[in-house]
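Quick notes on the structure that follows.
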Amino acid sequence: MLLTTPLWIRKTVSAAYVAAVTVLSLLPSRDLPDVPMFPHADKVIHFFMYGFMAFFLCWASPGKTATRLIHYTGIILFCTAYGMLMEFLQGTLAQLDRTFSWNDGAANLAGAIVFTAAAWRILNPNRPELSA
């Protein structure tokens, strides 16, 4: 079913997800729910937020299997750069009352890599293996 969804729907879902991540990333801290969490739970949240972003972008990536590998690499780079931009904005926009965190950026990168690898396995049934 994932592979038969029309491309315009896949692109729309992906764009909506990126927009939702942007809104959540730029909400002032006072507008975020005060939910008790375990230590470093925000890193887990970052891992999954940017992991799903990467998966949705891979899902919306058209093209042949050979060019998808290039697209998927670009998606990892995009998610990482976008996450760092959000961190930079959180650290510089005083009205957000949020801070910059390299660790959040690392969690974003890890999520993007893991979910892109999962997307490669799920979305490319005739894929070449990525082993050496």
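Considering segment 1-41, and only residues there that are of a type outside the set (A, V, I, L, M) and closer than 19 Å to Ile113 by Cβ, the residue that is surrounded by the fewest Cβ atoms within 10 Å (Cβ to Cβ) turns out to be His40.
If Val18 satisfies all but one of (1) aliphatic (A, V, I, L, M); (2) in contact (Cβ under 8 Å) with a residue 60 or more places away in the chain; (3) farther than 18 Å from Asp104 by Cα, what's the number of the condition it fails? Of everything listed in (1) aliphatic (A, V, I, L, M); (2) in contact (Cβ under 8 Å) with a residue 60 or more places away in the chain; (3) farther than 18 Å from Asp104 by Cα, Val18 misses just condition (3). Name the residue that is modelled with the lowest pLDDT, counting only residues in segment 98-132 that are of a type in the set (S, T, N, Q) and within 24 Å of His40 (Cα to Cα). Within segment 98-132, the match that is modelled with the lowest pLDDT is Thr99. Scanning segment 73-97 for residues that are at pLDDT below 85 and in contact with a helix residue (DSSP H, G or I) (Cβ under 9 Å, 6 or more places away or on another chain) returns Leu96, Asp97.
Results for (1) among the aromatic types (Phe, Trp, Tyr); (2) over 15 Å from Gly105 (Cβ atoms), shown as yes or no for each residue.
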site	(1), (2)
Met53	no, no
Phe56	yes, yes
Trp59	yes, yes
Phe78	yes, no
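Select from segment 57-72 the residues that are at pLDDT 90 or above and in contact with a His (Cβ under 9 Å, 6 or more places away or on another chain) and write down the one among them that is farthest from Thr22 (Cα to Cα). Applying the filter and picking the extreme gives Cys58.
The values are calculated or read from the model by the stated rules, or taken from the named source; none is laboratory data. Here the structure is a predicted model, which is why all the values come from computation and not from measurement. As a convention, Cβ positions derive from the backbone with ideal geometry for all residues, glycine included, and neighbour counts pool all protein chains shown.
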